[in-house]
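Engineer: Please read through the structure below; I'll follow up with questions.
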Amino acid sequence: MAANDGRDPGFEQFELFLDAWSRRDFIRRMGGAAALAAFSIGGLEFLEACGGNQTAQTQNVRKGGHVTEGSLSDPTTFDIIFSSDTASNSLLGMMFAGLLDFRADGTQIPMIAKEVPKVESDQLTYRFNLRQDVKWSDGQPITSDDVLFTYSLMAGSTYDYKAINSRYWPDLEQYLDSVKAPDKYSVIMKTKVPYAPFLTNYVFAPLPKHVLEPVVQKSAADFRKADFNFAPTVVSGAFMFDRWDKSQQVVLKANPGYFRGRPNLDSYVMKTVPDGVAIANQLKTGEIDVGNGVEPSLWDDMATASNVSRTSFAQAGWDYYAYDMDPTNPKRPVTGKIFGDPATGKTVRMALYHAVDRQSLADRVYFKQADVATTVEPPTSWALSTNVTKYPYDPKKAADLLDQAGWKPGPDGVRIKDGVRFSFEIITNVGNKARETTIQVLAESWKKIGVEAQPKPIQFTEYVKTSTTRDFDMVMGGISAGVDPDLSQIYHSRVIGKGLNRMGYHSPQLDDMLDKAVQVLDQSKRKQIYAQVQQILMDDLPAAMLVWPRALVAVSKRVQNFGIGPFNRYQYRPWLKDVFVTDGK
Amino acid sequence: MLWKYLVRRLVAAIPVVLGVSLITFVLMHATGGDYVPGISDDPRLSKATVDALRHEYGLDQPWWVQYGLWLWNIIHGDFGRSMIDGTRVTVHIADRLPNTLELTVTAILMAVLISIPVGVVSALRRGTRVDNALTTMSVAGVAVPEFWLGLMLILLVAVIPAQHLGAPLLPSSGATSSFGGGDPLDRLAHLILPATVLAFTYLSIWSRFTRSSMLEVLSQDYVRTARAKGMGERRVVYQHALRNAVIPLVTLVGLELPGLVSGGLIVEVVFGWPGIGRFAYERALAFDYTTVMGLTTFAAALVVVGNLLADVLYAVLDPRIRYT
């Protein structure tokens, strides 16, 4: 289980994966609250108030009953090494308690660990003291042995787990020096270099060694096929596995021995409802109690259901467009030169950005459930900076900038420079309505300033390949971010053709700052660096941020204390045990 | 010689099933290439890791080698494991096919049981208001998309009653209740709406077909003869005419047999029915090659067998047909 629910910047693909599955603009994206305004006044307190971590109601708490949550896709596996979809990860989080957990605003809180460790004076060492009263659901104590076992599974030190290929392995190999257990209830983790995102990204929930070791010792590669991954027999979280009706629902039951106390509910059901409209309908009929990610087009309609209350909040993600800006990219020499020309490329990038009416995009394409993005960090980030270059909608200025850059109107209305027409393709993945509409809107906007963009929705797998093949002119998509503000996976030159730097953006100055920012552990100092990073990126525009879609959550009024927020929405739900239903059913 | 005929048909079916699997394989390969579902799209994995997985799955081999290997395993009864979750493909099928069959068989039975009487009544009362009304309904049934009909039924039977009476009249999704469900009555309650929607499309076509077939038979000489020798009208219609009129319908129903497996896709999505059609669709989009190959091959085999059964049934209904 990734500490950030697989939502660090590298995980765009994951999100797209779900899109392709559900054919609908889904769970992770759309939301609704006045987050933008809030940031200028109250920052994160606002998230606290509107998102999760409301003070849990303790009066009139009823025990018993169940809550049913609708999910657009069926979970695939409870294999923590490969699980990457929201349904599976949410269920895993309910069944397996972490060493640490997240509050709505992304701050970490202790769970199995007694406290959130502070880095020691060497800037490398983290000491976790484990609670001694925490037990697996079969009565065995949870000890440092379980933690060691889990890390060896993830990082492949003790056994040859490389055969399993944990998706965390490359990162762990790069940053994790060692995990040691000096005694039964202490774990000492050491990083190779000071690494700020370590605690938020790489602290995993322990797995039961006494149950899994025999399975793994038979064959590491067989771990994927283990029955445990489809019906966990031993858990540590608030709920235990009860049954999985394939393609229909997963039923969890309360864990009476949960170390923070038995949950109020008897059961929690994750029901597969493969259609956005059906999710809205079933919220109305009461067949499901929770819609974690309602389609924005249905959000207003949800207000008419008297049995449902709506919560919306800013979330860690953005929709944006990026272009090939590498003049040496052999796949796209023309666009590479248009956007990456050392003399005029930046002016062109600015011109295109000025020509897009993003407020209207947020209002019409995202049904007012998105805010205009003002910087490269997500709206939920503690590193968010407002002191960056702004790009208001100004088609006149856009046209002037293009004139300046030497792009003059040609005979057919499309601008020309040195015999090259300003014409390119803009792609997005098929099946995501908001995105398919957005690329149409972009093309229309740019047509007005004499730039020809041909919208082209493409197959999901092809879309994914753009990151590695860099065979595209311009791409429009979305990225979900994690708690940590690190942007290396998107803008660092070392991830050109590997991570999400498909733009081919290469700035030695920015590379240095990104490297420095992850090695400084002091948050206020990091914040200063990221303010500079944001200023550079918003000035240079290697990619153009469009909107910040909001999270839209509808919950039945019979459900209380459902403390969901931006960073504890899926896998991390420390509030889950306090949830109760007023009718006790 | 029925058994000889059966053997010959089954042997002839082998290239059909092989062809379907080959086409599926080539299509999947052409669109997906060496994409490893859930892995290739994770930029944090190193190229070496992705390549190792690609090798493990055999995706680094030329496509004909991959197909050959797959075929070899199938011949040995091994459908392989899903690339996404590592579950046996046969387990995936066994988990969901019964649900789909429950839905589609019910729908087809409903459609047959309703369309024949409707067709007969229309034919006997040709040109009357009853006939016109039934004709209008049939045309509507063909014209209305399944998903729209499904959503309307959900609205009328589940959403509106829930908002006014506090509970839906019938459940609008799933095959069983989460708790205390699973008994026949509970399953029936969940089955009614999706089966009705699915039956409606079949019903429209089949009732029109029964009507015209019935009209044709009623004008035959042997019907006139039967009437002339003083046979009661009921016997003429139901024993002589109807039996002959429904024979072509068997072919028509037989043609819908592929729908037993796949036909429920839209209904399965709208009603959250845990069936194989929806599952196959999801996995095709996710490029779970092994699962999709297993599912299509299995479905192709099922269709071949289904068509064969229809042909045999034909002989039972019409003794004039002989198998040679």
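Engineer: What are the pairs, 6+ residues apart or on separate chains, where a residue within the stretch B:36-62 that is away from chain A (no Cβ under 11 Å) and over 17 Å from B:Phe287 (Cβ atoms) has its Cβ under 7 Å from a residue that is assigned to a loop (DSSP other than H, G, I, E, B) and modelled with pLDDT under 75?
Structural biologist: Taking only residues 6 or more apart or on different chains, not a single pair turns up.
Engineer: Scanning for something outside any loop (DSSP other than H, G, I, E, B) and surrounded by fewer than 23 Cβ atoms within 10 Å (Cβ to Cβ), does the stretch B:164-172 turn up at least one residue?
Structural biologist: Within the stretch B:164-172, one or more residues are outside any loop (DSSP other than H, G, I, E, B) and surrounded by fewer than 23 Cβ atoms within 10 Å (Cβ to Cβ).
Engineer: Against the definition (assigned by TED's automatic domain parsing to the domain that holds A:Val372, surrounded by fewer than 21 Cβ atoms within 10 Å (Cβ to Cβ) and of a type in the set (A, V, I, L, M, F, W, C)), how does A:Val334 come out, yes or no?
Structural biologist: Working: assigned by TED's automatic domain parsing to the domain that holds A:Val372: yes; surrounded by fewer than 21 Cβ atoms within 10 Å (Cβ to Cβ): yes; of a type in the set (A, V, I, L, M, F, W, C): yes.
When the stated conditions are applied, A:Val334 passes them.
Engineer: In this structure, is A:Lys465 surrounded by fewer than 21 Cβ atoms within 10 Å (Cβ to Cβ) and within 14 Å of another protein chain (Cβ to nearest Cβ)? Give the steps one after another, and end with the answer.
Structural biologist: Numbers: surrounded by fewer than 21 Cβ atoms within 10 Å (Cβ to Cβ): yes; within 14 Å of another protein chain (Cβ to nearest Cβ): yes.
Spelling it out, A:Lys465 is indeed surrounded by fewer than 21 Cβ atoms within 10 Å (Cβ to Cβ) and within 14 Å of another protein chain (Cβ to nearest Cβ).
Engineer: Could you tell me whether B:Val130 is under 30 Å from B:Ala195 (Cβ atoms) and either away from chain A (no Cβ under 13 Å) or of a type in the set (A, V, I, L, M, F, W, C) (or both)? Full working, then the answer.
Structural biologist: Details: under 30 Å from B:Ala195 (Cβ atoms): yes; either away from chain A (no Cβ under 13 Å) or of a type in the set (A, V, I, L, M, F, W, C) (or both): yes.
Judged against the criteria, B:Val130 is a match.
Engineer: Read through the list (1) in contact (Cβ under 8 Å) with a residue 40 or more places away in the chain; (2) under 30 Å from B:Leu103 (Cβ atoms), then give the number of the only condition that B:Pro248 fails.
Structural biologist: Of the numbered conditions (1) in contact (Cβ under 8 Å) with a residue 40 or more places away in the chain; (2) under 30 Å from B:Leu103 (Cβ atoms), the odd one out for B:Pro248 is (1).
Engineer: Still on this structure: Only one residue in A:Met270, A:Met302 is under 23 Å from the mean Cα position of the chain (by Cα) and within 14 Å of another protein chain (Cβ to nearest Cβ), so which one is that?
Structural biologist: On the way: A:Met302 fails: under 23 Å from the mean Cα position of the chain (by Cα).
So the residue among A:Met270, A:Met302 that is under 23 Å from the mean Cα position of the chain (by Cα) and within 14 Å of another protein chain (Cβ to nearest Cβ) is A:Met270.
Engineer: Is it the case, given these coordinates, that B:Leu149 is free of Cβ contacts under 8 Å to residues at least 60 places away in the same chain, more than 11 Å from chain A (Cβ to nearest Cβ) and crowded, with 19+ Cβ neighbours inside 10 Å? Full working, then the answer.
Structural biologist: On the way: free of Cβ contacts under 8 Å to residues at least 60 places away in the same chain: yes; more than 11 Å from chain A (Cβ to nearest Cβ): yes; crowded, with 19+ Cβ neighbours inside 10 Å: yes.
Judged against the criteria, B:Leu149 is a match.
Engineer: Additional query: Please enumerate the residues belonging to the stretch A:516-539 that are exposed (fewer than 13 other Cβ atoms within 10 Å of the Cβ) and within 21 Å of A:Tyr505 (Cβ to Cβ).
Structural biologist: Once the filter is applied, which keeps residues that are exposed (fewer than 13 other Cβ atoms within 10 Å of the Cβ) and within 21 Å of A:Tyr505 (Cβ to Cβ), the stretch A:516-539 yields only A:Asp539.
Engineer: Separate question: Out of all the residues in the stretch B:173-189, which are part of a helix (DSSP H, G or I) and either touching a strand residue (DSSP E or B) at 6+ places or on another chain (Cβ under 6 Å) or touching a residue at least 24 places away in the same chain (Cβ under 8 Å) (or both)? Give the derivation first.
Structural biologist: First, the residues of the stretch B:173-189 that are part of a helix (DSSP H, G or I): B:184-189.
B:Arg187 - this is the single residue of the stretch B:173-189 that is part of a helix (DSSP H, G or I) and either touching a strand residue (DSSP E or B) at 6+ places or on another chain (Cβ under 6 Å) or touching a residue at least 24 places away in the same chain (Cβ under 8 Å) (or both).
Engineer: For the stretch B:208-253, give me each residue that is over 34 Å from the mean Cα position of the chain (by Cα), surrounded by 14 or more Cβ atoms within 10 Å (Cβ to Cβ) and aliphatic (A, V, I, L, M).
Structural biologist: The answer is B:Val223, B:Ala226, B:Met231, B:Val236.
Engineer: A further question on this structure: Report yes if some residue within the stretch A:415-424 is surrounded by 17 or more Cβ atoms within 10 Å (Cβ to Cβ), part of a helix (DSSP H, G or I), touching a residue at least 24 places away in the same chain (Cβ under 8 Å) and more than 23 Å from the chain's Cα centre (by Cα); otherwise report no.
Structural biologist: There is no residue in the stretch A:415-424 that is surrounded by 17 or more Cβ atoms within 10 Å (Cβ to Cβ), part of a helix (DSSP H, G or I), touching a residue at least 24 places away in the same chain (Cβ under 8 Å) and more than 23 Å from the chain's Cα centre (by Cα).
Engineer: So which residues in the stretch B:43-101 are part of a loop (DSSP other than H, G, I, E, B), among the hydroxyl-bearing types (Ser, Thr, Tyr) and at pLDDT 80 or above? Even if it seems obvious, please write down each step before you answer.
Structural biologist: Of the stretch B:43-101, the ones part of a loop (DSSP other than H, G, I, E, B) are B:43-46, B:57-62, B:76-80, B:82-87.
Narrowing the set further to residues that are among the hydroxyl-bearing types (Ser, Thr, Tyr) leaves B:46, B:57, B:82, B:87.
Correct list: B:Ser82, B:Thr87.
Engineer: OK, next. Which of the residues spanning the stretch A:251-267 are more than 10 Å from chain B (Cβ to nearest Cβ) and aliphatic (A, V, I, L, M)?
Structural biologist: Kept after step one, since they are more than 10 Å from chain B (Cβ to nearest Cβ), are these residues of the stretch A:251-267: A:252-265.
Matches in the stretch A:251-267: A:Leu252, A:Ala254, A:Leu265.
Engineer: Mind checking whether some residue in the stretch A:175-183 is in contact with a Phe, Trp or Tyr (Cβ under 9 Å, 6 or more places away or on another chain) and either surrounded by fewer than 21 Cβ atoms within 10 Å (Cβ to Cβ) or over 21 Å from A:Ser121 (Cβ atoms) (or both)?
Structural biologist: yes
Engineer: Another question, then. For the stretch B:160-181, what are the residues that are closer than 19 Å to A:Lys271 by Cβ and more than 9 Å from every other protein chain (Cβ to nearest Cβ)?
Structural biologist: Step one: filter the stretch B:160-181 for residues closer than 19 Å to A:Lys271 by Cβ, giving B:162, B:167-168, B:170-181.
Listed by number, the residues that qualify are B:Leu170, B:Ser177, B:Gly180, B:Gly181.
Engineer: Among strands (runs of 3 or more DSSP E) lying entirely in the stretch A:181-296, which contain 3 or more residues that are in contact with a strand residue (DSSP E or B) (Cβ under 8 Å, 6 or more places away or on another chain) and of a type outside the set (Gly, Ala, Ser)?
Structural biologist: Values: elements: A:186-191, A:239-245, A:249-254, A:267-272, A:290-292.
Passing ranges, in order: A:186-191, A:239-245, A:249-254, A:267-272.
Engineer: Looking at (1) at the interface with another protein chain (Cβ under 7 Å from one of its Cβ atoms); (2) surrounded by fewer than 24 Cβ atoms within 10 Å (Cβ to Cβ); (3) out of contact with any Gly (no Cβ under 6 Å at 6 or more places or on another chain), which is the one condition that is false for A:Arg224?
Structural biologist: (3)
Engineer: Right, next: Check the stretch A:120-130 and report whether any residue there is among the β-branched types (Val, Ile, Thr), under 25 Å from A:Pro263 (Cα atoms) and modelled with pLDDT of 80 or more. If you could, list the steps in order and put the result at the bottom.
Structural biologist: The initial filter retains those residues of the stretch A:120-130 that are among the β-branched types (Val, Ile, Thr), namely A:125.
From what's left, under 25 Å from A:Pro263 (Cα atoms): none.
No, the conditions are met nowhere in the stretch A:120-130.
The values are calculated or read from the model by the stated rules, or taken from the named source; none is laboratory data. Just so it is clear, the model here is predicted, and its values are computed rather than measured. Here Cβ is always computed from backbone atoms with ideal geometry, including for glycine, and neighbour counts include all displayed protein chains.
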